[in-house]
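Values quoted throughout were computed directly from the atomic coordinates according to the rules given, and no laboratory measurement underlies them. The shown structure was predicted, so the numbers you read here are calculated from the model rather than taken from an experiment. Glycine gets a Cβ as well: all are built from the backbone with ideal geometry, and neighbour counts include every protein chain shown.
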C-alpha cells in the first residue's frame with residue numbers, strides 16, 4: 001500500500017535532485033603553491049532522483065561515491081557541473097537558502113560513534129540541528145527530539161534522552177544518527193555506508209529501519225555502499241560507479257539479472273554466495289586495481305582491467321551513455 | 001560537561017588533590033577575609049607608610065620567631081597620660097601639672113627606640129614641660145625641658161646630649177643597670193617618666209604618649225618604614241590570586257579560540273597565526289615586561305594586559321593545534337556542517353569542548369606561574385607602585401639588605417606564601433591531570 005502512495009508521489013513530481021556533469025576535483029599542491037595535479041574523485045556524473053525513491057550507489061573503495069555524497073551535501077565545492085535540488089541549482093543559492101537546503105537533506109554517516117559528539121547527551125545532539133535552524137522554543141525541541149527517537153524505535157525516548165553516545169550500543173548510536181538526520185524533516189537522506197561499521201546482527205535492522213522511514217515519509221534515499229548483496233532489498237535503482245563516473249544504472253532487478261557493463265558483471269561475480277560448489281570452482285575476478293584518480297587512463301577507465309576490451313576504441317575515447325535495454329543505461333563501447 | 005563532573009567526583013580519590021584544594025580554599029578564604037577587613041583604599045593608605053605607623057618599631061621581628069629562638073625580646077609599650085594619675089595645681093592664668101608615666105619593664109632585651117608624643121590644646125601661649133626619667137633603683141635623669149607646640153614629638157633616642165651623658169644610646173642607657181660593664185644588662189622593674197608641665201592658659205590640656213618600641217611585632221614583623229608586613233602579606237593573597245587567575249584565563253581562552261579558529265579555517269589564517277606564534281615564542285617575555293615597566297607604567301593592570309597580550313600567541317597555540325587537528329576531521333564535525341552549523345558554532349561548541357577536559361589541569365598549573373611572574377616583576381622593582389604585594393615585600397627586603405642584617409623573616413614569609421600558592425595549585429593540577437588524562441593513570 002505504501003508502495004502505491006509512493007508511485008503517486010513519484011508521478012506527481014519531477015526529479016527532486018538532478019546532477020549534471022558534476023566534477024569534484026581535489027587539487028594537489030607541492031610546497032603549498034605548486035599545482036601538480038588533481039585527484040578527480042567525481043569526474044562527470046549525471047543522474048536524476050525522483051521524489052520518494054531509494055537508490056543505491058555501488059562501487060569499490062575509492063571510486064568517488066563518498067566524495068559524491070559530500071558534494072551533494074555541500075561539504076565539497078564542485079569543480080564543475082551542477083546539483084539541482086527541487087528545481088534550484090545549489091551554486092546559485094545565497095547563505096540562507098543554502099542553510100535551508102541543508103535542512104532538507106539529512107546525512108547518515110558510516111561511523112556512528114564518531115558521528116556523535118562524545119561530550120553531548122542525546123537530547124543535546126538532537127537539539128543542535130533545531131537550534132541551528134532557529135527553533136527557539138525548548139519544549140518544542142524536546143517534543144521533536146522525542147518524536148525522532150520514536151521514529152527510529154528508540155523507545156521510550158526518556159530512557160535515551162539523557163544518555164551519552166558511549167553508553168549506547170553501535171546499533172542504538174546509528175539510530176540516534178538517523179534520528180538527527182530526520183529531526184529537521186528532510187526531503188532526502190544521504191546515507192554513506194550506514195551499516196558497514198556495525199555488527200552483522202544489527203545491519204539488517206538498521207537497513208530495514210531506514211527503508212521503512214523512507215517509505216513512511218516518502219523520502220528520497222541515496223544510499224551509498226560497496227555491498228551489492230544487501231542493495232536489492234533496500235533500493236529501487238542502482239548506480240554503479242567506477243573511478244569517479246557512473247558506468248551503469250538500472251532498476252534493481254534489471255541490473256542484477258542483466259548486468260551489461262563488464263565491471264558490473266565482475267562485481268556481481270564477487271558477491272559471496274554460500275554454495276558448497278564454490279569451493280571447487282575458481283571465479284573470474286578482474287585482475288589489477290582501480291586506476292589512479294590523479295591520472296585516470298585514457299578512454300574507458302576500466303579498459304586496463306577489462307577482458308572484453310576493444311583495442312583502438314576503449315583505450316582511446318570514453319564511451320557515451322548507451323541504453324542497451326529499456327531503462328537500463330551503461331557507458332560501454334560493447335553496446336554501440 | 002558530564003566528563004567534567006565525573007572527573008571532579010573522581011578527584012576525591014587523590015589525597016594530593018584534597019591537600020591542594022585545602023590550600024587553595026584557605027588562600028581564597030584569607031583573601032576574602034583580608035579584602036573585607038582591610039578595604040582596598042585603606043590598604044593603599046596603610047602601605048603608603050608614614051603617620052599610621054608611628055607607634056610601630058622599625059624592622060621588628062615577628063613574635064613567634066623570637067619565641068622559637070627562646071628569647072624574650074621587648075614588645076612595644078605605649079604609656080598614655082590618659083591612664084596616669086595627674087596632679088594638677090591651678091594658678092591665676094594657668095596651671096601646674098605633674099604627669100607620671102609609669103610602666104613595668106620585664107623583658108630580656110633593650111627597647112629599639114624611645115619616643116614621646118605630646119599634644120597640647122593651648123591657643124596662644126605654649127606650655128612648658130620638663131622631663132625626668134626615674135629608674136627602678138631610684139636614679140633620676142633630667143631629660144631636659146622644652147616649650148610645646150600643639151603636636152610635639154620628643155625623640156629621646158636621638159637626644160645626642162643625653163647619649164653623651166649616658167655613654168650609650170638613650171634607649172639602652174636608660175634601661176641598663178648602673179654598673180659600667182659591657183655589654184649592658186637590662187634592669188627590670190618599674191620605670192617612671194615624669195612630666196612637669198606649666199601651662200599658661202587656664203583650660204589648656206596636655207596629653208602624652210610614651211612609646212617604648214619593642215624589638216618584636218605581631219605575626220609578620222615590620223619593615224624599615226615601620227609598616228606591619230602583615231598588611232602586605234595578607235593583601236598579597238588577593239592580588240596574587242587575581243593576577244594569576246586573570247592572566248591564566250585571559251591567555252588560555254584567547255589562545256584556545258585563536259588556535260581553534262586557525263585549525264578550522266586553515267589556509268592563510270592558520271599560516272598567519274602559526275608565524276605570529278613562532279615569532280612570539282622566541283621573544284623574551286621578561287625583558288619586554290621590564291621595558292614596559294620602565295618606559296611606560298608599572299601598574300599591575302598594565303602588566304596584566306601585557307602578560308595576556310604576550311601570552312595569546314604562545315606555545316599553547318601549537319599544543320592546542322595538535323590536539324584540534326584530528327578533531328576537525330572527525331565525522332561529528334562533518335555532520336554539524338551537513339546540518340548547517342556555522343563556523344563560530346563549530347569552533348566554540350564542537351571543537352573546543354572536546355579538548356576542554358584535557359586543558360583544565362594545564363590551566364590550573366598555569367595560575368601559579370603567573371603569580372610567580374608578578375612576584376618576579378615586583379622583585380625586579382617593577383611592582384605596582386601602590387599595591388602591597390609579596391614581590392614588593394621581597395623587593396624592599398632586597399634593597400634594605402634584609403638578609404645581611406639577619407631579617408630572614410622579611411624574605412622568607414612572602415617566599416613561603418608564594419611557595420604555598422604554587423604547591424596548592426600544583427597538587428590540584430597534577431591530580432586533575434591524572435583524572436582527565438587517563439594515560440597517566442595506572443589502571
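What angle, in degrees between 0 and 90 and rounded to the nearest 10, separates the Cα long axis of helix B:300-312 from the longest principal axis of the Cα atoms of chain B?
20
Give the order of A:113, B:409, B:296 when sorted by the count of other beta carbons within 10 angstrom, beginning with the fewest.
Details: A:113 16, B:409 21, B:296 11.
Going from least to most buried by this count: B:296, A:113, B:409.
Please work out the Cα center distance from the stretch B:90-137 to the stretch B:293-320, rounded to the nearest Å.
Cα centroid to Cα centroid, the span is 57 Å.
Any chance you could list P(r) for the stretch B:95-153, counting all Cα-Cα pairs in 10 angstrom bins from zero, rounded to whole %?
Cα pair-distance distribution for the stretch B:95-153, in percent: 16, 47, 27, 9, 1.
For Cα pairs less than 8 Å apart in space and 6+ apart in sequence, what is the mean separation divided by the residue count of the stretch A:185-313, i.e. the relative contact order in percent? The partial results should precede the final answer.
On the way: 113 pairs, mean separation 23.2, N = 129.
Relative contact order of the stretch A:185-313: 18 percent.
No solvent, one uniform scatterer per C-alpha: report log10 I(q)/I(0) for the protein assembly as shown via the Debye equation at q = 0.05, 0.10 1/Å, two decimals.
Relative scattering, expressed as log10 I(q)/I(0), comes to -0.50, -1.09.
Between the helical axis of B:15-37 and the dominant principal axis of chain B, each derived from Cα atoms, what acute angle in degrees is found, rounded to the nearest 10?
Its long axis makes an angle of about 50 degrees.
Once the Cα atoms of helix A:122-132 and of chain A are each reduced to a long axis, what angle between those two axes, in degrees from 0 to 90 to the nearest 10, is obtained?
80
For the stretch B:363-379 and the stretch B:390-442, what is the separation of their C-alpha centers, rounded to whole Å?
9
Could you quote the convex hull projected area for the stretch B:348-443, Cα atoms only and averaged over all directions, in nm²? Can you show the working numbers first?
Values: hull surface 36.0 nm².
Mean projected area of the Cα convex hull: 9.0 nm².
Treat each spin label as a single point 7 Å out from the Cα along the C-beta direction, and report the residue B:423 to residue A:307 distance in nm.
Rounded to a tenth, the inter-label distance reads 8.1 nm.
I need B:65, A:152 ordered by Cβ neighbour count within 10 Å, fewest first. Write out the running numbers ahead of the final one.
Numbers: B:65 20, A:152 23.
Ascending number of Cβ neighbours within 10 Å: B:65, A:152.
Calculate, for residue B:55 and residue B:400, the FRET efficiency according to 1/(1 + (r/R0)^6) with r their C-beta to C-beta distance and R0 22 Å; round to the nearest 0.05. Please report the intermediate quantities before stating the final value.
Numbers: r = 21 Å, r/R0 = 0.94.
The computed FRET efficiency comes out at 0.60.
Per residue, how big is the convex hull around the C-alpha atoms of the stretch B:267-331? Give it to me in cubic angstrom, could you? Walk me through the intermediate numbers first.
Working: hull volume 6.3 nm³, N = 65.
That works out to 97 Å³ per residue.
Could you list B:16, A:287, B:413 in order of exposure, starting from the residue whose Cβ has the fewest other Cβ atoms within 10 Å?
On the way: B:16 16, A:287 8, B:413 24.
Final ranking by Cβ density, sparse to dense: A:287, B:16, B:413.
Sum -39500 (n - 2.57) across every DSSP H segment of at least 4 residues in chain A, then divide by the residue count to get the 222 nm mean residue ellipticity, nearest 500.
Details: 12 runs with 115 residues, N = 336.
Mean residue ellipticity at 222 nm (helix-derived): -10000 deg cm²/dmol.
What do you get for Rg/Rh over chain B if you use C-alpha atoms and the Kirkwood form of Rh?
On the way: Rg = 31.4 Å, Rh = 26.7 Å.
Using Cα coordinates only, the ratio equals 1.18.
Report the full-extension gain for the segment residue B:290 to residue B:140: residue separation times 0.36 nm, less the Cα-Cα distance, to one decimal in nm. Don't skip to the end; give the middle numbers.
Numbers: separation 150, 0.36 × 150 = 54.00 nm, distance 5.84 nm.
Net length gain for the segment: 48.2 nm.
With no solvent and one equal point scatterer placed on each C-alpha of the stretch B:74-213, evaluate the Debye formula and give log10 I(q)/I(0) for q = 0.09, 0.10, 0.14 Å⁻¹, two decimals.
-0.27, -0.34, -0.64
Return the calculated 222 nm mean residue ellipticity for chain B, to the nearest 500 deg cm²/dmol, obtained by summing -39500 (n - 2.57) across DSSP H runs with n ≥ 4 and dividing by the residue count. Walk me through the numbers before you get to the answer.
Numbers: 16 runs with 225 residues, N = 443.
Mean residue ellipticity at 222 nm (helix-derived): -16500 deg cm²/dmol.
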